[in-house]
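First up is the structure itself, then whatever we jot down about it.
The values are calculated or read from the model by the stated rules, or taken from the named source; none is laboratory data. Keep in mind the model is a prediction, meaning the values are calculated, not measured. In this analysis, Cβ positions are derived from the backbone assuming ideal geometry, glycine residues included, and neighbour counts consider all displayed protein chains. Note: accessible area is taken over every heavy atom of the protein model, side chains too, but ligands, DNA and RNA are not part of it. Shrake-Rupley method; radii C 1.70, N 1.55, O 1.52, S 1.80 Å.
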Amino acid sequence: MSAASLRGPARRVRLGMLTPSSNTALEPLTAAMLAGIPEVSAHFARFRVTEISLRDQALSQFDDAAILEAARLLADAQVDVIAWNGTSAGWLGFERDQVLCARIETETGVPACTSVLALNEAMRQAGCRRFALLSPYLREVQQRIIANYADHGFECVAERHLGLSVNFSFAQVTEGQIEAMARDAAREGMPQCLTTFCTNLRAAQLVPRLEAELGVPVFDTVATAVWGSLRLAGVDPKRVRGWGRLFDL
């Protein structure tokens with residue numbers, strides 16, 4: 001009998017991800033990040049999100065009732081963590097994610113985290129208070145995010161946005177567009193880090209080469225959801241290799 005069989009099967013770890021319905025980027029990116037950790041799998045539940053703007057109709061998409069129903073469905077899969085893999089707290093306020101996590105934990109008994117709260121923790125751990133913000137969003141959404149971060153002691157010293165509002169279209173932003181935004185922003189204001197702030201941007205795979213070129217950490221919000229979920233589940237994030245400095249924090 002082998003030593004492996006004597007030890008028994010490795011503990012399975014299931015990460016639950018709450019996902020905007022029109023998002024096509026975060027699921028394959030999340031699976032790719034976790035590919036080197038065989039005992040960890042990601043599981044997804046969707047709720048309707050099609051537009052990112054400050055219109056009442058768009059803001060109402062993030063009502064807790066719909067999100068909690070999706071969280072309850074994830075809990076049926078006996079996940080170890082539930083993460084809101086989205087960035088709405090950027091313009092709605094960080095306290096919205098804090099309240100949401102508390103409600104998910106009360107409703108399901110499963111610990112919860114979010115992309116944005118994990119991003120904020122990563123920036124604090126890395127000592128980054130001056131950052132550059134890259135997003136596909138409308139100007140008014142971008143300005144709301146910048147103001148929210150300023151209220152919490154983070155200074156946005158450079159920003160680039162694409163003026164889009166249809167959530168599905170964010171995944172169609174090209175690698176070249178993202179790289180151009182990053183290079184432009186990195187030359188402005190001497191940011192201590194950059195963030196690609198949208199979980200429907202196909203940006204996380206660009207992080208290692210952007211970090212090598214620009215010389216600062218690049219924190220992607222799909223990656224921060226994975227990083228935060230692994231930490232909460234008791235799995236060392238350093239086991240994720242090749243996806244940037246975030247996983248070495």
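Table for the structure above
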{"read-out": "Per-region count, segment 106-118, residues open to solvent by 20 Å² or more (accessible area, probe 1.4 Å), in a helix (DSSP H, G or I) and not acidic (Asp, Glu)", "value": "3"}
{"read-out": "Condition check for Gly163: at pLDDT 95 or above, under 23 Å from Gly228 (Cα atoms) and not in a strand (DSSP E or B)", "value": "no"}
{"read-out": "So Val49, is it under 18 Å from the mean Cα position of the chain (by Cα), open to solvent by 60 Å² or more (accessible area, probe 1.4 Å) and closer than 23 Å to Ile145 by Cα", "value": "no"}
{"read-out": "Of the criteria (1) outside any loop (DSSP other than H, G, I, E, B); (2) open to solvent by 30 Å² or more (accessible area, probe 1.4 Å), which one Leu134 fails", "value": "(2)"}
{"read-out": "Residue satisfying all of: in segment 69-105; open to solvent by 80 Å² or more (accessible area, probe 1.4 Å) and part of a loop (DSSP other than H, G, I, E, B); nearest to Gly234 (Cα to Cα) among these", "value": "Gln78"}
{"read-out": "Candidate set from segment 119-129 (those that are open to solvent by 10 Å² or more (accessible area, probe 1.4 Å) and touching a helix residue (DSSP H, G or I) at 6+ places or on another chain (Cβ under 8 Å)); member that is nearest to Trp227 (Cα to Cα)", "value": "Glu121"}
{"read-out": "Residue, least open to solvent (accessible area, probe 1.4 Å), within segment 137-169, restricted to residues that are more than 29 Å from Ser21 (Cβ to Cβ) and in contact with a Pro (Cβ under 7 Å, 6 or more places away or on another chain)", "value": "Ala158"}
{"read-out": "Test: Ser165 is in contact (Cβ under 8 Å) with a residue 40 or more places away in the chain, under 27 Å from Arg46 (Cβ atoms) and among the small types (Gly, Ala, Ser)", "value": "yes"}
{"read-out": "Subset tally (residues that are surrounded by 12 or more Cβ atoms within 10 Å (Cβ to Cβ) and either among the basic types (Lys, Arg) or without any contact (Cβ under 8 Å) to a residue 40 or more places away in the chain (or both)) for segment 227-240", "value": "3"}
{"read-out": "Conditions (1) under 22 Å from Arg46 (Cβ atoms); (2) touching a Phe, Trp or Tyr at 6+ places or on another chain (Cβ under 8 Å); number of the one not met by Cys193", "value": "(1)"}
{"read-out": "Filter result (in contact (Cβ under 8 Å) with a residue 60 or more places away in the chain and over 18 Å from Tyr137 (Cβ atoms)) within segment 192-215", "value": "Gln192, Cys193, Gln205"}
{"read-out": "Residue among Thr30, Thr19 that is of a type outside the set (Gly, Ala, Ser) and not in a helix (DSSP H, G or I)", "value": "Thr19"}
{"read-out": "Among residues of segment 196-218, those that are within 11 Å of Arg160 (Cβ to Cβ) and either surrounded by fewer than 19 Cβ atoms within 10 Å (Cβ to Cβ) or among the hydroxyl-bearing types (Ser, Thr, Tyr) (or both), counted", "value": "1"}
{"read-out": "Scope segment 219-249; condition under 22 Å from His161 (Cβ atoms) and not hydrophobic (A, V, I, L, M, F, W, C); matching residues", "value": "Asp220, Thr221, Thr224, Gly244"}
